[in-house]
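Engineer: The structure follows.
The values are calculated or read from the model by the stated rules, or taken from the named source; none is laboratory data. What you see is a predicted model; the values in this text were computed from it and never measured. Because the Cβ atoms are built from the backbone with ideal geometry, glycine has one as well, and the counts that use them run over all protein chains shown. When the accessible area is computed, the model is the full protein with side chains, heavy atoms only, and any ligands, DNA or RNA have been set aside. Shrake-Rupley method; radii C 1.70, N 1.55, O 1.52, S 1.80 Å.
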Protein chains: 2
Amino acid sequence: MMKVNENQTEHIYDERREQIKRAALKLFAYRGITGTKMSMIADEAGISQGLTYRYFNSKEELFTELIQEAMDESQSAIKNIHHLPSTPTEQIRALTKIMLDESHKHYFLLVQQAQTSEGVPERTKQVLEQYSSKDTIDQLLPILIKGQQTGEFCAGDPFRLLLLYFSVISGLILQGVHSEANWLEEVDSLMKILMK
Amino acid sequence: MMKVNENQTEHIYDERREQIKRAALKLFAYRGITGTKMSMIADEAGISQGLTYRYFNSKEELFTELIQEAMDESQSAIKNIHHLPSTPTEQIRALTKIMLDESHKHYFLLVQQAQTSEGVPERTKQVLEQYSSKDTIDQLLPILIKGQQTGEFCAGDPFRLLLLYFSVISGLILQGVHSEANWLEEVDSLMKILMK
DNA sequence: GTCTATATCTCGATAGAC
DNA sequence: GTCTATCGAGATATAGAC
C-alpha cells in the first residue's frame, strides 16, 4: 500500500528533473557550458540554485546527460529515414527538414557547441566520440550511393559529399540563432550541393 | 639622441602586444570569450598572467580589439574582390577561397563565435553591429545580380541567396575546426548553391 | 523537497618586489 | 618590463533550517 505514494513521488521527481533539463538545454545551446551558470539554469527553471544539486551532482553531469540525449535523438531521426519508402532525394530532404526544424534545433545546437568549443569536460568528449559524425554519415551512405546510381545525385566520393552536406546544415543552424532566419525554405538550394 | 631608444622601446612594446594578440586570437576563436581564461592566453604567449594587463586593460578590451581587427580584415578582403576584373563566378570563388584559407580562418571563427554565443560584452556587440553581415552582403549584391544577368547564377532573391551562402561558409569553418577537413577543394560543390 | 546560508574555489585584476 | 603574491567578485557545490 506504499506503492502508489512511491510512484507518485518518483513521478514528481522525474518531472522536476525534466524541468531542469529543459531549462539547461536552452541555455547551454546558446551560451555553451562555460557561459552558462547554474544560477541561470535555476532561474530559468524557477527554482533555487541549491535545489539543482538535489537532481544533478554537478554541472558537468547535467551537461553530459543532455549531450547523451541529443545524440540518441539524432540517431533515431536517422533510423527513421530508412523506413520511409521513397526516393533518396526525398529521404535526404526529410532529414534536412527535421534538422532545421524548431523542435530539434536546440539539440543540434548543443552538440555543435560541444563539438566545436574546447571547454568541454573529458567525460562529455567520450559520449561525443561514442556516436561520432563518422558513424552518422556511414548510416546514410547507402542512401547517397543509391541516389548516385539513379542519377539523382552528383558523382564523387559519397562520404566526403555527405560530410560536406551535414557540416553545412550544422553551420546553418548555428548561424540562424541570431539572424532569426528560417532556412527551412532553402532546403532545395542546399540540396543542390548533392544534386546532379 | 633619445629618439632611437624610444623607437626601439616602442617596437618591443608593439611586438609583445602582437604576441599576446596572436595567442588570444587562437584561443578565443576556438573556445569563445567565457571559455578562455587570461591564464591560458598568458601560457600560450609564454608570459606571466599579470603581465598581460600591462598591455591590455581587460579581457574585454583584448577581445574587442581582435574583433575590430577581424572585421577590418574581412572588409578589405571584400573590397579587393571588386578590383579583380573577372566574371562574377570567379569573384565569388576567390572570396570563398580566402575565407576558407588557413590564414583567415581564425578571424572568421572569432567573428562567428562573437555573433552566435551570448556571453559577449556590450562594447563588443557595438563593434559587431558597426559592420553587420548585412553591410557585407550589400557590398556583394552587385556581383550576384550581374551573375544572374549573365546567366551564371540561379534566379531568386539575391540578398537571401548571399546570406545563405555566407552562412554556409561560416558554418563550415566552425565545423572544420576539429575534423581537420580542408574544404578548399569543395569550393565548387559549395558554389552549386548559387549556380544555375 | 525546497530554500537560505556558507564553505571553497576559480578567475579577473592590482600591487609591489626585483 | 616582468614576475609573484594577493585581493575581491562571482561561481560551484555543500550543509543545515524549515
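Engineer: Out of the residues in the range A:58-83 that are more than 16 Å from the chain's Cα centre (by Cα) and under 22 Å from residue A:118 (Cα atoms), which is surrounded by the most Cβ atoms within 10 Å (Cβ to Cβ)?
Structural biologist: Filtering first and then ranking leaves A:59.
Engineer: Hey, any hits in the range B:23-37 for a residue that's without any contact (Cβ under 8 Å) to a residue 24 or more places away in the chain, more than 14 Å from every other protein chain (Cβ to nearest Cβ) and surrounded by 14 or more Cβ atoms within 10 Å (Cβ to Cβ)? Break it down stepwise before answering.
Structural biologist: From the range B:23-37, those without any contact (Cβ under 8 Å) to a residue 24 or more places away in the chain are B:23, B:27, B:31, B:35-37; that's our starting set.
Keeping just the survivors that are more than 14 Å from every other protein chain (Cβ to nearest Cβ) gives B:23.
Still in the running and surrounded by 14 or more Cβ atoms within 10 Å (Cβ to Cβ): B:23.
Within the range B:23-37, one or more residues are without any contact (Cβ under 8 Å) to a residue 24 or more places away in the chain, more than 14 Å from every other protein chain (Cβ to nearest Cβ) and surrounded by 14 or more Cβ atoms within 10 Å (Cβ to Cβ).
Engineer: Now, a different point. Which count do you get for residues in the range B:120-144 that are surrounded by 13 or more Cβ atoms within 10 Å (Cβ to Cβ), of a type outside the set (D, E, K, R) and part of a helix (DSSP H, G or I)?
Structural biologist: Of the residues in that region, 11 qualify.
Engineer: Please note which helices (runs of 4 or more DSSP H) are completely contained in the range B:39-119 and include at least 2 residues that are away from DNA strand C (no atom under 16 Å from the Cβ) and closer than 23 Å to residue B:170 by Cβ.
Structural biologist: Numbers: elements: B:52-55, B:59-83, B:88-100, B:102-116.
Qualifying helices (runs of 4 or more DSSP H): B:59-83, B:88-100, B:102-116.
Engineer: Within the group B:101, B:135, B:188, which residue is out of contact with any strand residue (DSSP E or B) (no Cβ under 7 Å at 6 or more places or on another chain) and within 12 Å of chain A (Cβ to nearest Cβ)?
Structural biologist: Only one candidate passes the filter, namely B:188.
Engineer: Separate question: Look at residue B:101 and say whether it is open to solvent by 60 Å² or more (accessible area, probe 1.4 Å) and among the acidic types (Asp, Glu).
Structural biologist: Numbers: open to solvent by 60 Å² or more (accessible area, probe 1.4 Å): no; among the acidic types (Asp, Glu): yes.
Judged against the criteria, residue B:101 is not a match.
Engineer: Which members of the range B:105-120 meet the condition of being within 12 Å of chain A (Cβ to nearest Cβ) and touching a residue at least 60 places away in the same chain (Cβ under 8 Å)? First the steps, then the outcome.
Structural biologist: Filtering the range B:105-120 down to residues within 12 Å of chain A (Cβ to nearest Cβ) leaves B:108-109, B:111-120.
Scanning the range B:105-120 gives B:108, B:109, B:112, B:113, B:114, B:117, B:119, B:120.
Engineer: With respect to residue A:9, determine if the residue is near DNA strand C (Cβ under 8 Å from one of its atoms) and assigned to a helix (DSSP H, G or I).
Structural biologist: On the way: near DNA strand C (Cβ under 8 Å from one of its atoms): yes; assigned to a helix (DSSP H, G or I): yes.
When the stated conditions are applied, residue A:9 passes them.
Engineer: Can you name the residue in the range A:157-166 that is within 10 Å of chain B (Cβ to nearest Cβ) and out of contact with any Ser or Thr (no Cβ under 8 Å at 6 or more places or on another chain) and, of all such residues, is least open to solvent (accessible area, probe 1.4 Å)?
Structural biologist: First, the residues of the range A:157-166 that are within 10 Å of chain B (Cβ to nearest Cβ): A:160-161, A:163-166.
Filter once more, so that each one left must be out of contact with any Ser or Thr (no Cβ under 8 Å at 6 or more places or on another chain): A:160, A:165.
Numbers: A:160: 80, A:165: 0 Å².
Applying the filter and picking the extreme gives A:165.
Engineer: For the range A:46-66, which residues satisfy the criterion of being more than 11 Å from DNA strand D (Cβ to nearest atom), of a type in the set (A, V, I, L, M) and closer than 18 Å to residue A:107 by Cβ? So that I can check it myself, show each step before the final result.
Structural biologist: Within the range A:46-66, the first condition is being more than 11 Å from DNA strand D (Cβ to nearest atom), and the residues that meet it are A:46-47, A:64-66.
Next cut, of a type in the set (A, V, I, L, M) only: A:47, A:66.
Scanning the range A:46-66 gives a single hit, A:66.
Engineer: Another question about this same structure. What is the number of the single condition among (1) more than 16 Å from DNA strand D (Cβ to nearest atom); (2) surrounded by fewer than 17 Cβ atoms within 10 Å (Cβ to Cβ) that residue A:115 does not meet?
Structural biologist: (2)
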